[in-house]
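Enquirer: My questions will all concern the structure given below.
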Amino acid sequence: RLQRGERIDHYETRRMHKDGTRLDVSLTISPIRDASGRIIGASKIARDITARKRMEMEAARKQREDEVFVELAQTLNASLDLDTVLQRVVEAAQELSRSERALIFLREAGTETLVTRYQVGAPEMPFADLRIAPGKGIGGLVFALAPADVPSGRRTTPMTRASAKTTWHACEPAGSSP
């Protein structure tokens, strides 16, 4: 286009700064002509649009979060099936926390042992029927140390393990003893 004498407006691309950091830039390139109208060069203006791109990505992320909450609310309103609701909750938790894996553990009736009940994410991480004894491992410690909700006696303990990129959530099923 430049050889045809056309100006290139707001061409967005990524460039590397001399210190090695990546920049989002908007380029405007205009032909430079001599007195006879022949193109003898090009003028280039580069504008750093990294902050704008970051804000656009953040706005898109927030919009997706809102969509996930709306979808979750619709599931909660449309289904009386606990399995359907909790599976959708674990899917939403994974997406919202941007983790590779999300799990919901339920307390085994009559014990303090946590058992994997709902999960989503990386299949190469085998957590099916994972059992965590009270006070054992990070999940068991959080559950064992969590204060009980006084009126119901239930313990709910959300926890994120960023290093493993896994969202953990343990709770007691309704009707179980604290």
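Enquirer: Once Rh for the stretch 1-112 is found with the Kirkwood sum over Cα pairs, what is the Stokes-Einstein diffusion coefficient at 4 °C and 1.567 mPa s, in µm²/s?
Expert: Approximately 67 µm²/s, per Stokes-Einstein.
Enquirer: Could you compute how much accessible surface residue 25 exposes when probed at 1.4 Å, giving the result in Å² to the nearest 10?
Expert: Number for this one is 10 Å².
Enquirer: As a test of reading the structure, rank 99, 36 by solvent-accessible area (1.4 Å probe, protein chains only), most first.
Expert: Ranking 99, 36 by accessible area, largest first, yields 36, 99.
The values are calculated or read from the model by the stated rules, or taken from the named source; none is laboratory data. Since we're looking at a predicted model, the values are computed, not measured. SASA here: full protein model, heavy atoms, side chains in, ligands and nucleic acids out. Shrake-Rupley method; radii C 1.70, N 1.55, O 1.52, S 1.80 Å.
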